[in-house]
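Take a look at the structure below.
The values are calculated or read from the model by the stated rules, or taken from the named source; none is laboratory data. Quick caveat, the model's predicted, so the values are computed rather than measured. Every residue, glycine as well, gets a Cβ built from its backbone with ideal geometry; the counts of neighbours run over all protein chains shown. Note: areas computed on protein heavy atoms with side chains; ligands, DNA, RNA excluded. Shrake-Rupley method; radii C 1.70, N 1.55, O 1.52, S 1.80 Å.
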Amino acid sequence: MAARTLFDKVWSEHEVVPETADTPAVLYIDLHLIHEVTSPQAFSLLRSRGLPVRRPDRTLATMDHSTPTRTEQVFGNIPIAVDAAAKQVRQLETNAADFGVELFAMRDARRGIVHVISPELGTTLPGMTIVCGDSHTSTHGAFGALAFGIGSTEVGHVFATQCLLQRKPKTLAVNVEGALRPGVTAKDLILHIIGKIGVSGGTGHVIEYRGSTIRALSMDERMTICNMSIEAGARAGMIAPDEVTLAYLRDKPRAPTGSAWDAAAARWRTLASDPGARFDASVDIDATTLEPMITYGTNPGMVVPVAATIPARPATGAGQTVFDKALSYMGFACGESLIGKRVDVVFIGSCTNGRLADLEAAASILKGRKIAKGVKLLIVPGSQQVKRDAESRGLAQIFKDAGADWRESGCSMCLGMNGDTVTSGQYCISTSNRNFEGRQGVGARTLLVSPLTAAASAVQGSIADPREYL
Ligand code: SF4
């Protein structure tokens with residue numbers, strides 16, 4: 001058999017009907033993750049046609065996007081402040097009960113952001129196909145799964161059939177070699193990659209992240225990398241499962257056990273791309289030269305090293321309009337230094353950087369320090385499990401002592417739909433994944449960074465180079 005890529009192996013194992021020139025392939029889906037925002041319409045579709053959920057045992061629901069993060073609204077008697085959010089939460093409770101889908105409801109100890117809870121439960125496993133009505137489903141590719149976001153209509157298709165119609169994407173190898181320097185994180189690496197290949201650089205492709213740098217990353221770091229594949233336009237991002245992957249999954253509550261574990265682990269070890277496997281395209285990255293990164297515009301590809309200046313306007317082309325509009329929105333000018341610029345809000349959390357390793361990184365800078373006067377620092381764990389772990393390890397106390405607001409888990413300020421928003425005109429240093437206009441609130445100005453840069457900026461009260469705080 002010809003040498004095959006990781007993607008080719010997972011795709012072919014799930015292809016029910018191959019694609020033709022006229023028709024897409026029918027792909028079997030192993031795991032369907034759902035949440036309160038993109039599922040109501042799909043459940044309505046089932047009701048209108050009198051259909052059940054085909055595989056409720058392969059469907060898992062949580063609440064994250066519109067749930068409040070204030071403890072009194074989650075565990076107290078204070079109602080959810082945002083009416084639309086309260087309605088979505090109630091609707092998912094009804095839908096999950098009616099269709100027999102397991103739900104981690106508001107007060108469930110296992111609740112959290114959909115892309116955080118599935119890996120920590122061990123329901124995300126190597127070699128799976130995983131979908132969810134959320135773009136950042138690519139996160140699960142860190143385990144060697146083929147995982148991608150789908151629209152509300154497709155959520156209905158998967159409910160009804162456990163299959164999806166898909167055109168087979170091409171493959172893009174991103175080869176990363178060398179050790180990251182102190183202060184440079186997985187978030188900086190993926191921001192650099194997006195800056196290098198552009199926000200359309202992965203369009204039509206599944207990226208496989210490869211090389212010594214990737215193999216040296218923890219699973220939390222690998223999830224940060226795969227999470228933002230979509231921001232480079234890719235259908236998905238994948239990393240071959242290895243001993244780091246197996247060690248992470250070994251004791252997860254729903255991972256296979258006993259002989260089933262042995263059989264699964266043996267299969268997972270065969271998933272890596274074969275030597276000589278052909279990719280449709282490839283990019284090489286030297287990790288040893290990278291620096292902490294920060295976005296300055298309104299898409300994640302508008303990114304520079306934190307110590308650099310805002311670049312010059314593109315010499316020609318349609319990019320000029322995008323560039324001018326972005327800088328006008330951000331209130332920035334070409335050639336300005338980002339270091340020292342005003343910070344109003346700092347957000348540490350999201351499915352990109354809301355895991356324990358991210359909170360540990362932030363705590364390494366915040367320990368024994370106070371945040372600057374006038375800065376609001378919001379730290380939101382990616383799941384209730386991350387919250388418990390952070391509290392038992394003393395991280396939450398470090399955050400509170402520094403002056404941060406420590407919350408219940410959820411998507412929070414990653415998007416402005418749950419009551420956690422940035423006021424118009426304010427600058428928010430954020431560990432999330434999207435800096436689009438209005439993403440964190442109408443008129444909000446978002447700069448994407450790592451947890452280290454976010455914490456250092458909260459302490460300094462302006463954009464800071466984290467290497468000065470290590
Ligand atoms: S944290 Fe942000 S990107 Fe992640 S699932 Fe929630 S809304 Fe989507």
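Computed extension gain for Thr316 through Asp280, at 0.36 nm per residue and net of the alpha carbon distance, reaches 10.1 nm. For the chain, the residue among Ala173, Gly276, Pro466 whose Cα projects farthest onto the positive side of the dipole built from Cβ charges is Pro466. Most tightly packed first, judged by the mean number of other beta-carbon atoms within 10 Å of their residues, the peptides 431-438, 312-319, 6-13 read 431-438, 6-13, 312-319. To the nearest whole percent, what portion of all C-alpha pairs in segment 386-445 is separated by more than 14 angstrom? Percent of Cα pairs beyond 14 Å in segment 386-445: 60.
Would you mind getting me the FRET efficiency between Lys370 and Asp22? Use the beta-carbon distance for r and R0 = 51 Å, nearest 0.05. After rounding, the FRET efficiency stands at 0.20. Okay, which of segment 124-140 sit inside 20 Å, backbone N to the point 7 Å along the Cα-Cβ direction of Ala263? 124-129, by backbone N distance to the label point. Rolling a 1.4 Å probe across the protein heavy atoms gives the chain an accessible surface of 37 Å² per residue. The coefficient of translational diffusion for the chain, derived via Stokes-Einstein from the alpha carbon Kirkwood radius under 4 °C and 1.567 mPa s, stands at 58 µm²/s. What a 1.4 Å probe finds exposed on the chain is 52% carbon and sulfur by accessible area, rounded to a whole percent.
For Lys341, the lysines whose Cα falls under 17 Å of its own Cα, not counting residues fewer than eight places away in the same chain, are Lys373, Lys376. As an equivalent ellipsoid, segment 294-468 spans semi-axes of 28, 17, 13 angstrom, where each value is the square root of five times an eigenvalue of the C-alpha gyration tensor, largest first. In this label model, Thr153 and Glu437 are separated by 2.7 nm, measuring between points 7 Å along each Cα→Cβ vector.
Take the Cβ atoms of Arg215 and Ala109, set R0 to 41 Å, and the FRET efficiency comes out at 0.80. In the chain, taking the dipole from charged Cβ atoms about the Cα centre, the farthest positive-side position among Val345, Ser118, Ala308 is held by Val345. Pairs of C-alpha atoms in segment 225-275 farther apart than 14 Å represent 61 percent of all such pairs. In plain terms, the chain from Cys334 to Ser44 could stretch by 99.5 nm, reckoned as 0.36 nm per residue minus the Cα-Cα distance.
Using the rule -39500 (n - 2.57) for each DSSP H run of four or more residues, divided by the residues of the chain, the 222 nm mean residue ellipticity is -9500 deg cm²/dmol. Packing, as the average of other Cβ atoms within 10 Å across residues, places the peptides 58-65, 279-286, 200-207 in the order 58-65, 200-207, 279-286, highest first.
Taking every C-alpha pair closer than 8 Å and separated by at least 6 residues, the mean separation divided by the residue count of the chain gives a relative contact order of 17 percent. When Rg and the Kirkwood Rh are both derived from Cα coordinates, the Rg/Rh ratio for segment 411-470 amounts to 1.00. Charging the Cβ of each Asp and Glu at -1 and of each Lys and Arg at +1, and nothing else, the dipole of the chain about its Cα centre rounds to 480 debye. In the assembled protein chains, His35 presents an accessible area of approximately 0 Å² (probe radius 1.4 Å).
Derived scalar couplings between HN and Hα for segment 193-201 equal 4, 5, x, 6, 8, x, 6, 10, x Hz in order, rounded to whole Hz, by the Karplus curve 6.51 cos²θ - 1.76 cosθ + 1.60 (θ = phi - 60°), x for Gly and Pro. Kirkwood radius, segment 6-166, all distinct C-alpha pairs, inverse of mean reciprocal distance: 16.3 Å.
For a straight C-alpha distance cut-off of 26 angstrom, the lysines reachable from Lys9 (same-chain residues fewer than eight places away being disregarded) are Lys168, Lys170, Lys252.
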